[in-house]
1. I'd like the distance between the alpha-carbon centres of region 103-176 and region 285-335, rounded to an integer number of Å.
2. Compute, for the chain, the length of the dipole vector about the Cα centre, with Cβ point charges of +1 (Lys, Arg) and -1 (Asp, Glu) only. Units Debye, rounded to 20.
3. At 1.4 Å probe size, with every protein chain present, just tell me what the per residue accessible area of region 93-229 comes to in Å².
4. Need the list of lysines near K43 for cross-linking: C-alpha distance under 16 angstrom, and skip anything on the same chain fewer than eight residues off.
5. As I understand it, the value is the acute angle between the Cα axis of helix 567-579 and the longest principal axis of the Cα atoms of the chain; what does it come to in degrees, rounded to 10?
6. Under 8 Å for C-alpha pairs, at least 6 residues apart: give me the relative contact order for region 197-352, rounded to a whole percent.
7. Which order do the peptides 158-166, 604-612 take when ranked by the mean count of other beta-carbon atoms within 10 Å per residue, highest first?
8. Within 10 Å, count the other beta carbons around each residue, average over each peptide in 356-366, 370-380, and list them highest first.
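The values are calculated or read from the model by the stated rules, or taken from the named source; none is laboratory data. Just so we're clear, the structure is a prediction, and the values are computed from it rather than from any experiment. Here the Cβ positions follow ideal geometry from the backbone for every residue, glycine too, while neighbour counts run over all protein chains shown. Note: areas computed on protein heavy atoms with side chains; ligands, DNA, RNA excluded. Shrake-Rupley method; radii C 1.70, N 1.55, O 1.52, S 1.80 Å.
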Amino acid sequence: MKVPMSWLNEYTNIEVGLDALAEGMILSGSNIETVETFGADIKNVVIGRVETVSPHEDSDHLVVCMVDVGSRSEDGKPLQIVTGAPNVRPGAFVPVALHGSDLPGGVKIKKGKLRGVESHGMICSPGELGFDDKVVPLAHKDGIWILPEAFTIGEDVVQALGLDETVIDFEITPNRPDCLSIVGMAREVVATFGGTLQYPNVKIADEDDSDTASNHIKISINKPELCNRYIGRVAKDIRIEESPWWLQRRLMFAGMRPINNIVDITNYVMLEYGHPIHAFDIRTIEGNEIVVDTAMDGELFTTLDGQERVLSSDTLLIKDAKKGTAIAGVMGGLLSEIESDTPMILVEAANFNADNIRRTSKKIGIRSEASMRYEKGVSAQLCGEAADRVCALIAQIGAGRVLGGVVDNYPVKAEQKSIEVRTARMNAVLGTSLSTSEIAEILRRLEIESLETSDGVLRCTVPFVRLDLREEIDFTEEIARIYGYGRLSTTLHKDNVPAEVSNSWSLRGTIRQLLCASGLSEITTYSFVSPSGVDLLDLPTDSAKRDFIRLLNPLGEENGVMRTVLMPGLLQVLAGNAKKSNAEAALFEIGNTFRKADEGGLAEERFSLSLGAYGEGWDFFALKGVLSLLFSRLGFKDVKYEAVTDAKTYHPGRCAAVSIDSKQGGPVSIGLFGEIHPDVASRFEVDARVVAGEFDLDRMIAEANLTRSYTHLDKYPAVTRDISLLADEAVTVGTICGIAETNGGKLLESIRLFDVYRGAQIPEGKKSLSFNLVYRAADRTLKDEDVVKIHEKILTALAAGTGAALREL
């Protein structure tokens, strides 16, 4: 809800600075999304009047204007300005940016030549002065800004038009529809800071008592359960024209486009009171009768936007004696809109069922400012005041003359609720020691009348506009926020139990810390995904990861199933970074995946870990290094990496499956990683080489062992041997290390690869692998013959098992 401060101040009498106002409103429950200031970046722009308009001698779309800017020109004579605006005309008052002026966005205006003709400035459009296109007055959306009334020539445009404005955009929660209005926010300001709320003037000047609304319109409600109240007022001698600037200005700063005076007034009152208003050309209402009833199933209706809609039998329609004229609470009909020659109008202020409006709005695909308010709830009691306010403004700006009388069809009048509030209960919940009189004063600031009926008990009369106050506990929140959340003492529940952190939670935190320390950033993606994600990964058609749990009522096909794998979301985020020209990215996600359970059982939900990266320094071995560090931190033993060539998601020569020794004995697989296949990367629109992997985090957590035992420093020296083996390309390092460890026994402390060589002196189909072997005994210093014996045993076993032999230098 955008609230211009000048409009808000008209109804409040507080004197606080902007920062204090914003802080106070946030602390009292009115969150603020943005605070925008206007006008400060507009310099040397003045009011001018176009004197003459003549064709440009060398252009068929440019014109040359002489514009009077008064004393702001050097010699006091009109300035010559060239423009291409199609709507410029003599006598128009316009904003003129002079030579050396500044406009929003850092734009500077200087004199120059256009097609050989000198131009000493620029005639501005609303957009060039900082207004969004969606709020530019309809009459000027395709040209320069012709001001709706006369201003002092040469006056600074910011001062003349009041462009030095501050607009606060409040975040309104769904339970507070009363705050979707300027008056509602003014009520909140007064409740927060004190003072008195000044309500808008609804007194109608020069009301025509010689004629009454009932002579021109009759109102019937056939569906009282869907329309609780319908008020009609009539105004005649209507003059359709632009609204005065003060009204246009408020609408524009509040985010609405000025259309014409009658439409602007209805929008103005909707913003002011939060109650939607609609105006009909009374000539189009056949039989001078309004009937509120549902549409026929399949009935066609053309709305104000020119679109033909197919209605259903539960759509509430405003009808005349023969046809529909408006979809109740959503949008008016094209045939009943206000025209330039409309002589008499019907002003509608009605109250509709919130649920029905929400269903209708969703079904026909329209969500207007009116439907948004109706579906959250609008008090029926506001109808009369809102209708009177519209009529008062019509009379005030001379747009017409209001007829006396009101046609008010109110089948079941709303009763004002009374709720008992106990002082003791309020204090018990809030941890305060407020007296009954202090609570009554807080409620008074909220315009809630209260009467003490017994000791410590207040009978509170709920204002009609406060649809959210339904029971005693609702008053607790009101008292707390106005009293001040910051003044409430911090206490623990009497039966407070110290929080216990599960092993899973703790280990997930450990994994996060290690991966972040390794240069990766954590991401979170949606659990509801598109089933096409696994297609992009090229998973087998019979893969269990294609057996999705489908949502019964998804937001759309792209969110239609629950994910079985994290990889598509990870690759989409990596692709997004690549598209934004990020040279490198390294990401990980810890998230849930979902699988179908056995018949009659609950769905299986498991934690998974995905990680991936692209950019300089990231390849298969870099990712393996991060994983090795992680596995070591988790205490995994005998981690094995086995080459995989049939996983279509990954490059066939750069992919490995990871297994570890289970606590129950035997190896257990925990995941897969490698370089993403170029075709898969291309489907996700990633041009770079990507390395990624996904792991069963629940399994990893179950097998983790963070227990660390003290091991004393070795007492006896180690013996090291470096060997270079000539082996077939198909022989893996893991195989060689496994054979060496098996045959080395307790004396082989470690084996480490330190070089791989292919090239000169190496036969085709072979590779040279260089290892460092460390031998040590725990109880003695090894002799050379001890090492030679075990070393020869390892070499013999390698030759027999892999065909690898010592390389001859």
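1. What the calculation gives is 38 Å, centre to centre.
2. Roughly 2220 debye for the chain.
3. Numbers: 6050 Å² over 137 residues.
Accessible surface, normalised per residue, equals 44 Å².
4. K108, K110, K111
5. Helix 567-579 sits roughly 70 degrees off the main axis of the chain.
6. Normalised by residue count, the contact order of region 197-352 is 30 percent.
7. Working: 158-166: 18.3, 604-612: 20.9.
Peptide ranking by packing, descending: 604-612, 158-166.
8. 370-380, 356-366
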